[in-house]
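A.B. asks: Okay, here's the structure, questions in a sec.
The values are calculated or read from the model by the stated rules, or taken from the named source; none is laboratory data. Nothing here was measured: the structure is a model prediction, and the numbers come from that model. Cβ placement follows ideal geometry from the backbone for every residue including glycine, while neighbour counts extend to all protein chains displayed. Protein only, heavy atoms only, side chains kept; ligands, DNA and RNA dropped before computing areas. Shrake-Rupley method; radii C 1.70, N 1.55, O 1.52, S 1.80 Å.
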Amino acid sequence: TVTGVQTCALPIYYLSRWPRRQAAVRKYAVALYLFHCHPQNALAMPAITRTNNATLHYRVDDHTDPWKNAGTIVLQHGYARSSQFWQPWVPYLSRFYRIVRPELRGHAGSPVNFDPARDSTLANYVADVVAVLDALQLDNVHYCGESFGGIIGMALAAELPARVRTLTFVSSPV
């Protein structure tokens, strides 16, 4: 319990002894509780709703100068993770590039409104990335994938090389 807030198995430790910092720690703890334990209360993410296909959620972080034509980086998380995996990278990269962080189908904010046994294929994951690119009207992007996200990037670059400007892997098997 953090100042009367249940953490639902999410360990949050109230370590601050300084009065000024207690309020900030309390706000942070409540935000973590709402995000992890009650995702419906978290900030809404944009979604791509497709007929007879998985709904896809994504995040866009863009802090570039509006008068510059900044490129776009797609940061794709790996299996059993979420777009929050990339959060430490966003403050720096979003100053120079528009950052798009899609959620894999059935992960984090994207609901499981498909048959996971039948529809969790590499071809469908690649089609999901293409759907996000099309929805955001992106012709080509710098693609960075972590673990399974890197495998998706390899398949995307092999199938649609014109859509991938650069390809970067983070802990992906080659």
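A.B. asks: Answer with yes or no whether VAL74 is outside any loop (DSSP other than H, G, I, E, B), in contact (Cβ under 8 Å) with a residue 12 or more places away in the chain, surrounded by fewer than 17 Cβ atoms within 10 Å (Cβ to Cβ) and not small (Gly, Ala, Ser).
C.D. replies: Here the answer is no, as VAL74 does not meet what is asked.
A.B. asks: ASN124 versus (1) under 23 Å from LEU93 (Cβ atoms); (2) of a type outside the set (A, V, I, L, M); (3) in contact (Cβ under 8 Å) with a residue 24 or more places away in the chain; (4) part of a helix (DSSP H, G or I): which is the lone unmet condition?
C.D. replies: (1)
A.B. asks: To continue, here is another question. In the stretch 77-89, how many residues are assigned to a loop (DSSP other than H, G, I, E, B) and in contact (Cβ under 8 Å) with a residue 60 or more places away in the chain?
C.D. replies: Summing the residues that are assigned to a loop (DSSP other than H, G, I, E, B) and in contact (Cβ under 8 Å) with a residue 60 or more places away in the chain in the stretch 77-89 gives 4.
A.B. asks: For the subset of the stretch 128-138 comprising residues that are touching a residue at least 12 places away in the same chain (Cβ under 8 Å) and out of contact with any Pro (no Cβ under 6 Å at 6 or more places or on another chain), which member is most open to solvent (accessible area, probe 1.4 Å)?
C.D. replies: Step by step, filter the stretch 128-138, then rank; the result is ALA135.
A.B. asks: Suppose we filter the stretch 139-174 for residues that are assigned to a loop (DSSP other than H, G, I, E, B), under 16 Å from LEU122 (Cβ atoms) and either open to solvent by 50 Å² or more (accessible area, probe 1.4 Å) or not hydroxyl-bearing (Ser, Thr, Tyr) (or both); how many remain?
C.D. replies: Total meeting the criteria: 3.
A.B. asks: Please specify each residue of the stretch 112-126 satisfying the condition of being crowded, with 17+ Cβ neighbours inside 10 Å and of a type in the set (A, V, I, L, M).
C.D. replies: Scanning the stretch 112-126 gives a single hit, VAL126.
A.B. asks: Does GLY109 meet the test of being surrounded by 18 or more Cβ atoms within 10 Å (Cβ to Cβ), within 18 Å of the chain's Cα centre (by Cα) and modelled with pLDDT under 95?
C.D. replies: yes
A.B. asks: Give the number of residues within the stretch 90-106 that are part of a loop (DSSP other than H, G, I, E, B) and buried (at least 18 other Cβ atoms within 10 Å of the Cβ).
C.D. replies: Residues flagged as part of a loop (DSSP other than H, G, I, E, B) and buried (at least 18 other Cβ atoms within 10 Å of the Cβ) within the stretch 90-106 amount to 4.
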